[in-house]
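Below you'll find the structure, written out as structure tokens, and then a few comments.
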Amino acid sequence: MNRLDPATLVAADASWLAQAEGVPFQLATFSLDGRLTYFNRRATDPPLETTRRHVSELLPPSEAPRFLETVRRVARTGEPAELEVATQIRGVGSRCYRVYLSPLRQQGEIIAVMTVSADITDSKRAEAELRMSVNALQRLAEERAQLSRDLHDGILQSLYAVGLGLEAARAALRTGAQDSESWIDRSIGQLNETMRMIRRFISEGVSGFPPEASLEEAWSGIIRGMQAPGGPSIELNIERETLRALPASAQGELLAVAREAVANAVRHAGARRITVRLERSEGAIRLDVEDDGTGYAPDPQHRGFGILNMMQRAAKVDGELSIHTTPRAGTLIRLELAAPSEASHG
């Protein structure tokens, strides 16, 4: 059987040629060895002769092998294929095409591969711009969420502690107690510390205890700042070695969780006693905040902002937050995370 050259076949079929010239796509045929035999578009202006040139001459080295392999696969299997190709066209610049490849047959035998290409450069650019916009919005949302957590768990809780101290001072003044002035002094000190925290937040974008404070001072000062006359007693059982074993990235998160849990118990639980424990047990570091208050019936569908904050902070340190509570039986909030190896702290 004499095999006709695909270009001869195209030229001989005037009807097909007229339709091919008029379609709004780039239509081409390739011989089985990867040479261009027909192209219905001018590649450049003035036209650049492209027919009879090999794929390796038409496409960049990064694209040619993949395109040639696809041509050979379509010719071998007879199955259509699709791929995206990036190329550089003289006088035009970088372009991206989606190419559909299908076999051309003569009397049942595959004699060439036809490609139909659509220029998707603009859509790819729009897709990239959209992706960058989505990423930017995602970062903005995450930064806003972090800002909300820091304001709620840091500055607002500090202001709440100031309020507790002022209420205690007012109660002492009404009853003529001798410690009213000490409560006022304590509130002034807490307010000054809160202002320092706000300044640091504005200038450095971080909240939490000041860097010059020791870990023990930070826990003791912030947790005990929630104590006031008539309120629950707050007991701290903090293992010093466990506290020092915490990774630096986890120290602020655990402290924020403890402060939020204590504040919730002070405000809502009607508790007489709140216990904060930090200990190391069976390869894990465990933070417990337990109260003997009224408890409540958990509703996973309606979690408060404070609980959501605690869960997000736990996730940031690859920890697990659990809440154990029943009405009139108190509440235990537990955060567990894997303890660092001894080698990393030795």
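Taken together, the values in this text are just the output of simple stated rules run on the coordinates, not laboratory data. Keep in mind that this is a model prediction, so the values were computed, not measured. Neighbour counts are summed over all protein chains in view; Cβ atoms, including those assigned to glycine, are modelled from backbone coordinates with ideal geometry.
Data overview
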quantity	calculated
In the range 51-145, trypsin sites (Lys or Arg not before Pro) in a DSSP loop with at most 16 other beta-carbon atoms within 10 Å	Arg52, Arg53, Arg90
Förster radius 45 Å - calculated FRET efficiency between Leu332 and Ser133 (Cβ-Cβ, nearest 0.05)	0.55
Order of Ile234, Ile110, Ile285 - criterion: other Cβ atoms within 10 Å of each residue's Cβ, fewest first	Ile110, Ile234, Ile285
Estimated vicinal HN-Hα couplings, Hz - the range 308-322 in sequence order (Karplus 6.51, -1.76, 1.60; Gly, Pro = x)	4, 4, 4, 5, 5, 5, 4, 5, 5, 9, 6, x, 10, 9, 10
Gain on full stretching of the segment that runs from Arg76 to Leu140 - 0.36 nm per residue minus C-alpha separation	18.0 nm
Sorted peptide list for 247-257, 55-65, criterion being average Cβ within 10 angstrom, highest first	247-257, 55-65
Residue order, fewest to most surrounding Cβ atoms within 10 angstrom, among Met132, Met311	Met132, Met311
Sorted by Cβ neighbour density within 10 Å, fewest at the top, the residues Asp119, Asp150, Asp292	Asp119, Asp292, Asp150
Nearest-20 debye value, the range 228-346 charge dipole, Cβ charges on Lys, Arg, Asp, Glu	360 debye
